[in-house]
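**Q** Before anything else, here's the structure in question.
The values are calculated or read from the model by the stated rules, or taken from the named source; none is laboratory data. Computed from a prediction, not measured in an experiment: that's the story for all the values here. Because the Cβ atoms are built from the backbone with ideal geometry, glycine has one as well, and the counts that use them run over all protein chains shown. We work out accessible area using only protein heavy atoms, side chains counted, and drop any ligands, DNA or RNA first. Shrake-Rupley method; radii C 1.70, N 1.55, O 1.52, S 1.80 Å.
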Amino acid sequence: MTPVRLYDSFRREKVLFEPLEPGVVGMYVCGPTPYAPAHIGHAYSAIAFDTIRRSLRFLGYQVRYVRNITDVEDKIIKRGNETGEDPMALAARFAADYNRDMARFGVLPPDIEPKVSTHIAEIIALIERLIATGCAYQVDGDVNFEIAKFPAYGALSGMKLDELRAGERVEVDPRKRSPDDFALWKAAKPGEPAWGSPWGKGRPGWHIECSAMTHAHLGDTFDLHGGGKDLIFPHHENEIAQSRGAYGPRSFARYWLHNGFLNFKGEKMSKSLGNVVDCSQIADTVGGEALRLFCVSHHFRSPVDFDFEAIRDGDGHVTGARFHSLEAADKKLEYFYTTLKRIDDFIAQSGNTGDAGDGKVLPEADKLIPDARVALADDFNTPVAMAALHEAAALANRLLDEPKGIDKQVRRRTLARLARDLRAVGVALGVFAADPAVYLAERRARLVQRRGIDAAAVERLIADRAAARAAKDFARSDAIRGELTALGVALHDTPRGTEWSVLDTAS
RNA sequence: GGAGCCAUAGCCAAGUGGUAAGGCAGUGGUCUGCAAAACCACCAUUCCCCAGUUCAAAUCUGGGUGGCUCCUCCA
């Protein structure tokens, strides 16, 4: 396996990653609270950590990947009470939606997907332990964590307790010993899901589930903990306090990873600004893989500006959306899939499909995997891996275009190797998994629909043009090309006949 | 008020001490009946500004300017 350096949010520097057990990584990522359709921010985070998980595998590590679902939480209960739907049913429904959406972005299912509702016993045991160690106290049916008993509090976020109080803006529960203390267990209120506990009926507070679930599935101490930057405070800070308060100062996550946030034209995404984009809208409009490629073209820690423009009708109503940066990513995908298809076709035509690319190849073709490895081992630098993919694809196209001067066997084997390795790196990034012909056909169908192109009319014009060309009537042929261009269609004359695609105009 | 992040070509984006990856767009070329696609070449003497450290700075230090985030639910 390849040694990895990563930026640890806790130490605030890039460090050598040394898993507890060499070659084996235990990784926990904060998953969603499913109370509404997943939006692009959820996808960005899920893709970031899925890519890290895939990268670690590519680098030779065995990864145990745990991503939870917080299915008991205030927002779910509130939404359920508003709509009349049972909160647990609502959470289950949106959790299923979430997983379906993430699958469209190439996010692999976690190895373990624990839920709060199935870990109540573990949560209660952890709270009891915190009471026993003196970190938590019971008030009526509630149990709170007492921050004063955990002097290391604030190490991850850089928060200091006296400053926290200065910034206190929420109403303080007078039964708390300190305003900063947070709930581990909340006494049941009418209309809320509740479970029996030593403190009466109630439910877990937010934060405690992650401490309980990491312990249940990864043990006292584990390697990587990930989540969105916004979770650093208070969520991750509280997780640390709970877990270390219970299991000791050396327990819990050994390295912290936080992904940057998505902005829209420099603005934070928020419902009030009307710039929250649902995952299904993205996947339907440009395809899920375009978002995936967009994400891995940026470093996961960087804030990313997401280019989004609402399409409005004459009355100003939003009728659709343009995602310029995703359309660019989709076009880039077309390049890679076209390249893969060219190679696949070439290998198929050469008759020797058994040669997967083993053996001696052109030395330039041997660079892709090592280059990708170096890139991903350096803090999961996917943009640099993308650069390696571009160079490999250009090499493949060059070999396909210019057969002269290269030994036939070496050429074919080199192309087979390139296709194999492009896909191997693609697996690490979560791209290029589709059949190229299928992807290209689906992409064109999407564009045809989006642009309102009449495919049958296009085919008719192409037939007319073929007739004109056969008659060497090039003036007529060019006139038809002009008509098609006006329709937004580009033609591609090949030995197999004329193929067409949708122009990538800015329209 | 406290904590932190970011600023690299027209645009997107890597690079955290050793002389500016990659992509898009653009220009020229190869190929083509003409195109498209693909390929090739060109495209930042310079990294927001000022000062400093160093043989050497986009990278480190200090001071500015501009943008953003967290401290409250938030991926």
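**Q** Can you pull the percent of the stretch A:102-158's accessible area that's carbon plus sulfur, 1.4 Å probe, other chains left in place?
**A** With neighbouring chains kept in place, the figure for the stretch A:102-158 is 55 percent.
**Q** Leaving out ligands and nucleic acids, note down the accessible area per residue over chain A with a 1.4 angstrom probe, in whole Å².
**A** On a per-residue basis, 45 Å².
**Q** Let me ask you something else. Taking Cα atoms of the stretch A:453-502, Rg/Rh with Kirkwood Rh, to two decimals?
**A** Over the Cα atoms of the stretch A:453-502, Rg/Rh equals 0.93.
**Q** So who's got an amide H within less than 5 Å of the one on residue A:36, skipping anything under 5 residues away but keeping other chains? H placed 1.01 Å off N, in plane.
**A** none
**Q** Just to check, using Stokes-Einstein with a Kirkwood Rh over alpha carbon pairs, what's the diffusion coefficient of the stretch A:109-247 at 10 °C and 1.306 mPa s in µm²/s?
**A** 102
**Q** Just want to confirm a number: the relative contact order over chain A, from Cα pairs under 8 angstrom separated by 6+ residues, in percent.
**A** About 15 percent, as a whole number.
**Q** Take every DSSP beta bridge with both residues inside chain A and express the antiparallel ones as a percent of the total, to the nearest 5.
**A** Percent antiparallel among DSSP bridges in chain A is about 60.
**Q** Skipping prolines and chain starts, which residues have an amide H placed within reach, meaning under 5 Å, of the one on residue A:490, given they are 5 or more residues away or on another chain?
**A** A:501, A:502, A:503
**Q** Can you bin the stretch A:394-480 into rounded, prolate or oblate? Criterion: square roots of the alpha carbon gyration tensor eigenvalues sorted a ≥ b ≥ c, rounded for a/c under 1.5, prolate for a/b above b/c, oblate for the rest.
**A** It comes out oblate by the Cα gyration axes.
**Q** Also, I was wondering about something else. Starting from the 7 Å offset along Cα-to-Cβ, what nm value, one decimal, do you get for the label separation of residue A:92 and residue A:476?
**A** 6.6
**Q** Give me P(r) over the stretch A:19-259, computed from all C-alpha to C-alpha distances, binned every 10 Å, as integer percentages.
**A** 7, 31, 37, 21, 4, 0
**Q** For residue A:260, what residues show an amide H to amide H distance below 5 Å, using hydrogens built from the backbone and excluding near sequence neighbours?
**A** Amide H neighbours of residue A:260: A:301, A:302.
**Q** Okay, moving on. Using unit Cβ charges (K, R positive; D, E negative) and no other charged atoms, how large, in debye to the nearest 20, is the dipole of the stretch A:453-502 about its Cα centre?
**A** Its charge dipole is roughly 160 debye.
**Q** With only alpha-carbon pairs counted, each pair once and no self-pairs, how large is the Kirkwood hydrodynamic radius of the stretch A:269-326 in angstroms?
**A** It is 12.6 Å.
**Q** Next question. Rounded, prolate or oblate: which fits the stretch A:344-448, taking a ≥ b ≥ c as square roots of the Cα gyration tensor eigenvalues, rounded meaning a/c under 1.5, else prolate when a/b beats b/c?
**A** Oblate, since a/c reaches 1.5 and b/c is not below a/b.
**Q** How far is helix A:368-377 tilted off the main Cα axis of chain A, in degrees rounded to 10, range 0 to 90?
**A** Approximately 20 degrees, to the nearest 10.
**Q** Provide the gained length on full extension for the span residue A:360 to residue A:138, in nm with one decimal, where the gain is 0.36 nm per separating residue minus the Cα-Cα distance.
**A** Fully extending the segment from residue A:360 to residue A:138 adds 72.9 nm.
**Q** When a/c reaches 1.5 or more, the comparison of a/b and b/c decides; with that in mind, is the stretch A:68-180 rounded, prolate or oblate per its Cα gyration tensor?
**A** Prolate is the answer for the stretch A:68-180, as a/c is 1.5 or above and a/b outweighs b/c.
**Q** Considering only DSSP beta bridges where both residues belong to the stretch A:19-259, give the percentage that are antiparallel (nearest 5).
**A** 40
**Q** On to the next question. Based on Cα positions only, what radius of gyration and what Dmax would you give for chain A, in angstroms?
**A** Radius of gyration, then largest Cα-Cα span, for chain A: 27.2, 92 Å.
**Q** In sequence order, what are the phi-derived ³J(HN,Hα) couplings for the stretch A:414-420 according to the Karplus relation 6.51 cos²θ - 1.76 cosθ + 1.60 with θ = phi - 60°, rounded to whole Hz, with x for glycine and proline?
**A** Using θ = phi - 60°, the values come out as 5, 5, 4, 4, 4, 4, 4 Hz.
**Q** Of the DSSP beta bridges with both residues in the stretch A:204-316, give the percent that are antiparallel, rounding to the nearest 5.
**A** 15
**Q** Quick check on my link table: of A:332/A:360; A:14/A:149; A:367/A:408; A:332/A:367; A:149/A:186; A:341/A:404, which ones sit more than 23 Å apart, alpha carbon to alpha carbon?
**A** Correct reply: A:332/A:360; A:14/A:149.
**Q** About its Cα centre, what dipole magnitude does chain A give when the only charges are +1 on Lys and Arg Cβ and -1 on Asp and Glu Cβ, stated in debye to the nearest 20?
**A** The dipole magnitude comes to about 920 debye.
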